[in-house]
Amino acid sequence: MHILLRGRDISDIYKFDVYTANGGYEGLKKAVSMKPSEVIDLVKASNLRGRGGAGFSAGMKWSFIPQSEPIKYVAVNADESEAGTFKDREILETNPHQLIEGAMICAWAIQATAVYIYLRGEFWDVAHALDERIAEARKAGFVGDNVLGSGWNCNVYTHLGAGAYICGEESALLESLEGKLGQPRVRPPFPAQKGGGLYKEATVVNNVETLTNAPWILVNGPDEYKKIGTEQSSGNKIFCVSGHVNKPGNYELPLGTTFRELLYTHAGGIANGKQIKGILPSGGSGPIMRVNGNDDPILDTKLSYEDMAKAGTILGSASIIVMDETVDMVWVASKAIKFFKHESCGKCTPCREGTFWLDKVVDRILSGKGQESDVDLINNIAKNMSGVTLCALGDFAANPIIHTIKNFPEDFKAHVEKKEVAAEKAAPAKAAPAPRRGKEAAAQAGD
Amino acid sequence: MVTNITKTVTIYIDDVSYQVPAGANLVDAAKALGNDIPVFCYHPKMSPVGMCRMCLVELGSIEKDRATGEVVLDDKGQPKVRWFPKLQTACTTNVSDGMTVRTNTKQVDQARENVVEFLLTSHPLDCPVCDKGGECPLQNLTMEHGPGKTRMNFADKMHLDKHVPLGDLIFLDEERCIQCARCIRFQDEVAGDDVLAFHERGRSLQIITNSEPGFDSYFSGNTTDICPVGALTTADFRFGARPWELTNVPSICPQCPVGCNTSLSTRLDRDAGGRAIIKRVMPRQNEQVNEIWICDKGRFGHHFSRGADRLQIPMTGNAPASLTRALQVAADKLKAAGSDVAVIAGSSMSNEDLWALKQLANGLGSERLGAWPPTHAGADLVAQVGVGKGTNLSALGKGDAVLIIASDLEEEAPVWRLRINQARKRGAIVVVANARKTQMDEFASETATFEYGEAPKFMADIEASDLGKKLAAANNLIILTGADGLTLVESRALMQSAANFLIKTGHIGKANNGLMSAFPGSNAMGLYYMGFTPEATLDIAQKPPKVLIVAQSDLIADDPSVGEWLTKVETIISLTLFNDALAGLATVALPIQSFAERDGTFVNGERRVQRFYTAQGPIGEATPAWQVAGRIGELLGQGKVKLSAAAVMLDITKSVPAFEGARYKELAHVEPQFPMIQKDVYYGGTAYENTGGLGVQIPTAADQGETLNVGEVFVPETPKVGKGKMLIIPTQVLYNRERTFQSSELMHPRVADPYAEINSADAKRLNINNGDMVEIAIAGASAIRVRAQVDGRAPKGAVILPRHLATNAVPLTATVGSISKVGQAAVVEG
């Protein structure tokens, strides 16, 4: 059963008429018939957790908004940028009205004055289409002035970012939304507090997928919702499966589904008859899992917030990247650190400098010129970056290093030892090219 | 920022309990207790951002039972501490009761070492050729916390541009920058000129300027002080000297009435024949005057003190003479004139100079003491109802108000503008009232306008208006006047009306209330206290004396009308810094020393008597003006010349009641200030520390409960502008072609080409286009050629004509004239 990817069942549900003909905006109607605080209580009772990665209770987040404030905002995080994540895009493209409805339910619950949908810059086409959907909803009285005759005014706007991973971090998203450089803010004050949100007003920042759940919960009630999933992880989740599987794609399944069921029943099994070596369960940022072949019992781990934590990793945004036995984990670490080096906002010293330094040393190892001490070095640099930065990007960038070394020491060893072998046969090293000066070098170094 | 917080809380740092002001920033609180938590990005004058991560500490709070509120004890009977799982940045933490901090643990040490190590991975370590080397926070904190050895074992680090001019004055070395954003935040939060920003992201993050021209701010030099590395350097000082070679001499900026405390970094210099010369000017902390900021004119405008045009030897009849001979000629001329002598003294002379000149004139039986330039009246009113003793612009905030009337404060007294803008950001109402639009409008919470000539009336009638009621109701009110578009008579009327309003609304005789004025020069208040007035100057012009002593006043460059009466003076005795036109006209020209070569005092616009010290070696035979006057007096039998400036001041303190308590020793008194300077933890640079004295503020008559005498207000008629004529409004611009600024060659690109602003309606009527060369004709003055600037800021019927930009002198005060396009006869109105 699809709660979110309803476009799979009703192909043109993105159209306003089709959406409303299939129960669309009933959730908002119900919400507006209730007191805002009752809506918050209802969502709290459903145990809907944030789908952006942190898994924080959505209802709880909404309840933090001080009701006495005259100006409040909802910011929808559609900056989907985690490596291997492509779930929000499908919602935005195939079931946009449900997101608009969900955002409006949230807006009603906190009595927001406006909703801003922040989309990553590459989603320009999605944003244009979304603008049309919003206009339809406005025309029908679900958005804008005097929503459903309630006397409450709330408009919905889209805003395109400029293409930065960090703008998926809620406070950097707000900075970017205000037109500033996307860098995380010092907290407290938190976005939900006066002074910490958009334009210093109390703001709820929720992921697209999170809010898209809200209409269903309003219509079917929290008890029905809690029947789906596990004790602590209610509802469906969209799993973005990519890598060495036969059928990569989005799969909306109840939380608590096992890796094995996801990969074999739904994603068509491992490609080319190979054995699984590792899984990145949460894109580039979560700790990598070691999988000792296709029979490894670790594949029976349930995909829920609590079970994944027990397994020493995270569910995150559930972008599941599957890697088979042919994958060199040092290469994986290298790709990941290059990504984070490129995406570090540069605000905190350890992340800005650490990603840059790590990349240089990992490259040296990968190119066969590394030594055993280099592995200890990158492990130590990564640990020094962890837990000391303003936002989680410092930890995200350290994770691929720390966990590939921890879970795949043999891959690093192979590179370091090959170096010794290679060194004997290697021709004398060429003289290093003259260092480039100025902007050119900056561009090169920063790339 | 910690100000006037009386409530205290108990915090524990490294297991010792302390009482600290509630809500204080943890870094500041710890520093006050002698515990230096290292920082790079944090600065106590700006809001914390927590970027550099250098100030990480273990942070916790004492656990209290939720029900009873009692402290929970552990097994050993010690209070139980709930620690944060991760290290926290001290700079983003405000102290609260029961806060527990550990700054000396292995974990904290390691975190500090790590941050330094990270920073150094892409820092060029070119300390041996870096201007900051020797007073560099990164260097100091590396020594204290950094790893001894690098693990960044690559042959080369990243290379970036090392000489990026952000503007004409400031250079950026991209390699050295540690991306702390202090400069960006200073420009935004403190200076109010948001002209710097970050470009790109990650390790490519770089400082850029987004203004045209680059780094367009009068406060840009301050960013080089607060830069914790050598990334930002000034065009003036870079590669000029090493910090350890410098001797820092406390001084006072001679440029404007703010009286910024400065440190002159001097060195015995080969290029100056081994004399000590100023290598740079740095701000010196005086929280009541300039905090730790100065403007770029003060920082880069010091070159006149050793300009090539300084007069080095005395002249008689345009021929070099010995000092003894020149003084004798001067004495003889004065003796022959009897009491028919007068003095005109400049507004940047020291109190000691002025006192000695007054003694000389009085000894001859003359009371004719003129102040130059005669543009601003009402110093006597500032002495009566000026801002109360203890005034600190940093204390103004919500509920307070400042009225700035007839002044473009940004151009006239930049640091006051900076501090008042800060007050506005704290919630004070800042009203800018003027007849023309200026950039001050951007720093106002509201603006008011009136027509030229109407300023005194506007002030006199303000009481009945909504604005007047709002100002009257403010907890604290300061009125700051200028003389923009006013004649001297109008200036007096404006000051009187302002004084009356302050008296009537009770905003006098207490701190943070009263009258200020953007007087010219650094010692206009000193002129008043020593008995020199602008009205006397006008009287001298009306009835020229036989002998006129002109001291440090550039009459010819300042005023086109002096020629009319100066020729009637038989003998001019010029006490001058420069070999200028007046020195050529003088029977005797005596070289005097600038502020940099001797001791002295100025009284700033808030009536603070402040002392400056001898910084650089003497120039030629120049002597202090007080000595020149004293020696002439000695030749005239007026008694022995004083041996030192301190002795002159002692005389002043005995004779001028206002100066009681302003002896040199008292002026040199220092007290602890917040933020605390000491060591180089917050700041780069070593010149901030104030060891030279905080000065002494003269109480007003209102402070002392004396009878006030504002005098009858004479509001003059608005001048009639005849057919085909325009009002000519001379104005001040900070960067100009005054002789005292000309020697600072690096500022030349920042000095505007001569221009005049006119209204587009007038321009259309007169067939003048933006950028046209125009000629401004004023009776009794040479025609002034400038470019027309048709920008909609000038009110109709007025020509806004900045002084000291064009070659020919611009009138001192508002007058009437005509404007026409060059090569085209003036359009006569039909």
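General remarks:
- Only a single criterion out of (1) more than 14 Å from every other protein chain (Cβ to nearest Cβ); (2) at pLDDT 95 or above; (3) farther than 30 Å from A:Gly196 by Cβ is not satisfied by B:Val95, namely (3).
- Within region A:250-267, considering residues that are of a type outside the set (D, E, K, R) and open to solvent by 30 Å² or more (accessible area, probe 1.4 Å), the one nearest to A:Arg8 (Cα to Cα): A:Tyr251
- B:Ala197, sole failed condition from (1) buried (at least 24 other Cβ atoms within 10 Å of the Cβ); (2) of a type outside the set (Lys, Arg); (3) within 14 Å of chain A (Cβ to nearest Cβ); (4) not in a loop (DSSP other than H, G, I, E, B): (1)
- Look at (1) within 12 Å of chain B (Cβ to nearest Cβ); (2) in a loop (DSSP other than H, G, I, E, B); (3) open to solvent by 10 Å² or more (accessible area, probe 1.4 Å) and you find that A:Gly346 fails only one, number (3).
- Residue, nearest to the other protein chains (Cβ to nearest Cβ), within region A:324-342, restricted to residues that are surrounded by fewer than 23 Cβ atoms within 10 Å (Cβ to Cβ) and touching a Lys or Arg at 6+ places or on another chain (Cβ under 9 Å): A:His342
- Within region B:12-27, the residues that satisfy the criterion of being of a type outside the set (Ser, Thr, Tyr) and either in contact with a Cys (Cβ under 6 Å, 6 or more places away or on another chain) or part of a strand (DSSP E or B) (or both) are B:Ile13, B:Val16, B:Gln19, B:Val20, B:Pro21, B:Asn25, B:Val27.
- Within region A:175-190, the set of residues being more than 11 Å from chain B (Cβ to nearest Cβ) and open to solvent by less than 30 Å² (accessible area, probe 1.4 Å) comprises A:Ser176, A:Leu177.
- Restricting region B:108-129 to residues that are away from chain A (no Cβ under 11 Å) and not in a helix (DSSP H, G or I), the residue that is nearest to B:Pro243 (Cα to Cα) is B:Asp126.
- Take the conditions (1) at the interface with chain A (Cβ under 9 Å from one of its Cβ atoms); (2) open to solvent by 30 Å² or more (accessible area, probe 1.4 Å); (3) charged (D, E, K, R); B:Glu189 misses just one of them, which is (1).
- Meets criteria (modelled with pLDDT of 95 or more, out of contact with any Ser or Thr (no Cβ under 7 Å at 6 or more places or on another chain), among the acidic types (Asp, Glu) and more than 26 Å from B:His159 (Cβ to Cβ)) for B:Asp236: yes
- Some residue of region B:796-809 being open to solvent by 30 Å² or more (accessible area, probe 1.4 Å) and farther than 22 Å from B:Ser553 by Cα: yes
- If you filter region A:378-419 down to residues that are β-branched (Val, Ile, Thr) and more than 10 Å from every other protein chain (Cβ to nearest Cβ), you find that the one that is farthest from A:Val332 (Cα to Cα) is A:Val416.
- Residues in region B:689-714 that are open to solvent by 60 Å² or more (accessible area, probe 1.4 Å) and over 29 Å from the mean Cα position of the chain (by Cα): B:Gly705, B:Glu706, B:Thr707, B:Asn709, B:Glu712, B:Phe714.
- Odd one out for B:Gly506, checked against (1) touching a residue at least 12 places away in the same chain (Cβ under 8 Å); (2) open to solvent by 10 Å² or more (accessible area, probe 1.4 Å): (1)
- Complete set of residues in region B:32-67 that are within 30 Å of B:Gly77 (Cα to Cα) and surrounded by 22 or more Cβ atoms within 10 Å (Cβ to Cβ): B:Ile37, B:Leu56, B:Val57
- Verdict on B:Asp161 being of a type outside the set (Val, Ile, Thr) and either in a helix (DSSP H, G or I) or away from every other protein chain (no Cβ under 11 Å) (or both): no
- Among the residues of region B:282-296, none qualifies, meaning not one is over 30 Å from B:Ala658 (Cβ atoms) and touching a Cys at 6+ places or on another chain (Cβ under 9 Å).
- Among the residues listed as B:Met530, B:Met516, the single one being open to solvent by less than 10 Å² (accessible area, probe 1.4 Å), modelled with pLDDT of 95 or more and in the same structural domain as B:Phe602 (by TED's automatic domain parsing): B:Met530
- Test: residue in region A:286-308 that is more than 14 Å from every other protein chain (Cβ to nearest Cβ), open to solvent by 40 Å² or more (accessible area, probe 1.4 Å), closer than 24 Å to A:Ile381 by Cα and of a type outside the set (Ser, Thr, Tyr): yes
- Test: residue in region A:31-52 that is buried (at least 24 other Cβ atoms within 10 Å of the Cβ), in contact with a helix residue (DSSP H, G or I) (Cβ under 7 Å, 6 or more places away or on another chain) and of a type in the set (D, E, K, R): yes
- The set of residues in region B:536-573 that are at negative phi, in a loop (DSSP other than H, G, I, E, B) and under 31 Å from the mean Cα position of the chain (by Cα) comprises B:Ser553, B:Asp554, B:Asp559, B:Pro560, B:Ser561.
- Residue count, region B:616-642 (criterion: part of a loop (DSSP other than H, G, I, E, B) and touching a helix residue (DSSP H, G or I) at 6+ places or on another chain (Cβ under 8 Å)): 11
- Among the residues of region B:200-224, the one identified as basic (Lys, Arg) and open to solvent by 20 Å² or more (accessible area, probe 1.4 Å) is B:Arg201.
- Selection status of A:Ala192, at pLDDT 95 or above, assigned by TED's automatic domain parsing to the domain that holds A:Leu130 and part of a loop (DSSP other than H, G, I, E, B): yes
- Enumeration of residues in region B:28-62 that are assigned to a loop (DSSP other than H, G, I, E, B), more than 14 Å from chain A (Cβ to nearest Cβ) and within 21 Å of B:Arg426 (Cβ to Cβ): B:His43, B:Pro44, B:Lys45
- Among residues of region A:141-167, those that are open to solvent by less than 30 Å² (accessible area, probe 1.4 Å) and within 14 Å of chain B (Cβ to nearest Cβ), counted: 6
- Tabulated pairs, region B:187-216, first closer than 29 Å to A:Leu393 by Cα and among the small types (Gly, Ala, Ser), second assigned to a loop (DSSP other than H, G, I, E, B) and open to solvent by less than 20 Å² (accessible area, probe 1.4 Å), C-beta under 7 angstrom, 6+ apart or interchain: B:Gly202/A:Ser344; B:Gly202/A:Cys345; B:Gly202/A:Gly346
- In this entry, B:Phe239 passes the filter for residues that are in a loop (DSSP other than H, G, I, E, B) and farther than 27 Å from B:Met349 by Cα.
The values are calculated or read from the model by the stated rules, or taken from the named source; none is laboratory data. Please read all numbers here as calculations on a predicted model, not as lab measurements. For neighbour counting, all protein chains shown are included, and Cβ atoms are generated from backbone atoms with ideal geometry for every residue, glycine included. Surface accessibility is based on the protein's heavy atoms, side chains included, excluding ligands, DNA and RNA. Shrake-Rupley method; radii C 1.70, N 1.55, O 1.52, S 1.80 Å.
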